[in-house]
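The values are calculated or read from the model by the stated rules, or taken from the named source; none is laboratory data. Since we're looking at a predicted model, the values are computed, not measured. Cβ: placed from backbone, ideal geometry, glycine included. Neighbour counts: every protein chain shown.
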Amino acid sequence: MSELIRCTWPGLADPMYLAYHDEEWGRPVKGDDAVYERVVLEAFQSGLSWLTILRKRENFRAAFDHFSLPKVAAYTEHDVERLLADPGIVRNRAKIEAAIANARAALDLPGGLSDLVWRYADPDAPAPRTMADVPAITPASTALSKELKRHGFRFVGPTTAYALMQAIGLVNDHIECCLARTR
């Protein structure tokens, strides 16, 4: 019987992290609210462990009205203060304000956020052989970052943009022998 092989980044100890790797990371995510959720979560992850964000994801969903673009775009300073007081999320004013600004920017996009982001998909990228072959940024993530910033998005640098691209399936960075690569 052959051994199951995974990408090494989730480790083996945390079932939530393993489930995220096996069932979610790298799978196509479409729809403006769904893509917006990932933009927000990737921005909040900046400087932190993804597992920290993953463990707080349901709290983020409740705090940010399940990432409904119209609802978040209508947030006021009162909502910023409410979010800053919420121990279930990461309480960072700049990231909270960016999430609200990004919702407003997303609503102004012709064609929507999902369509804009998916223009940068690279389904034919070669499979990385090892985790060392997985880049932190690419020309496509740099271009996506610039495009989002041009439309008023914040906390979407090239590294964050690439993490988004990986998370929502614009690229498939599961290593070539990973059990989740072809699922």
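Take the range 129-183 and flag every residue that is assigned to a helix (DSSP H, G or I), more than 17 Å from the chain's Cα centre (by Cα) and either of a type in the set (A, V, I, L, M) or buried (at least 21 other Cβ atoms within 10 Å of the Cβ) (or both).
131, 132
Name the residue that is surrounded by the most Cβ atoms within 10 Å (Cβ to Cβ), counting only residues in the range 59-76 that are among the polar types (S, T, N, Q) and under 16 Å from residue 105 (Cα atoms).
68
Quick one: in the range 1-56, of everything that is in a loop (DSSP other than H, G, I, E, B) and among the acidic types (Asp, Glu), which residue is farthest from residue 96 (Cα to Cα)?
Checking each candidate, the answer is 3.
List the residue pairs whose Cβ atoms are under 8 Å apart, where the first residue sits in the range 107-122 and is on the phi < 0 side of the Ramachandran plot, the second is of a type in the set (D, E, K, R) and crowded, with 18+ Cβ neighbours inside 10 Å, and the two are 6 or more positions apart or on different chains.
From the range 107-122, the pairs are 113/32; 114/32.
If we keep just the residues of the range 51-93 that are farther than 22 Å from residue 112 by Cα and among the polar types (S, T, N, Q), which is farthest from the chain's Cα centre (by Cα)?
76
Taking the options 115, 108, name whichever one is surrounded by fewer than 17 Cβ atoms within 10 Å (Cβ to Cβ), within 15 Å of residue 38 (Cα to Cα) and modelled with pLDDT of 95 or more.
Answer to the selection: 115.
Considering the range 119-144 alone, what residues qualify as being within 23 Å of residue 24 (Cβ to Cβ) and either touching a Leu at 6+ places or on another chain (Cβ under 7 Å) or of a type in the set (Ser, Thr, Tyr) (or both)?
Residues satisfying the conditions are 120, 121, 122, 130, 138, 141.
Only one of these conditions is not met by residue 75: (1) among the hydroxyl-bearing types (Ser, Thr, Tyr); (2) out of contact with any Pro (no Cβ under 6 Å at 6 or more places or on another chain); (3) closer than 29 Å to residue 172 by Cβ. Which number is it?
Result: residue 75 fails condition (3) only.
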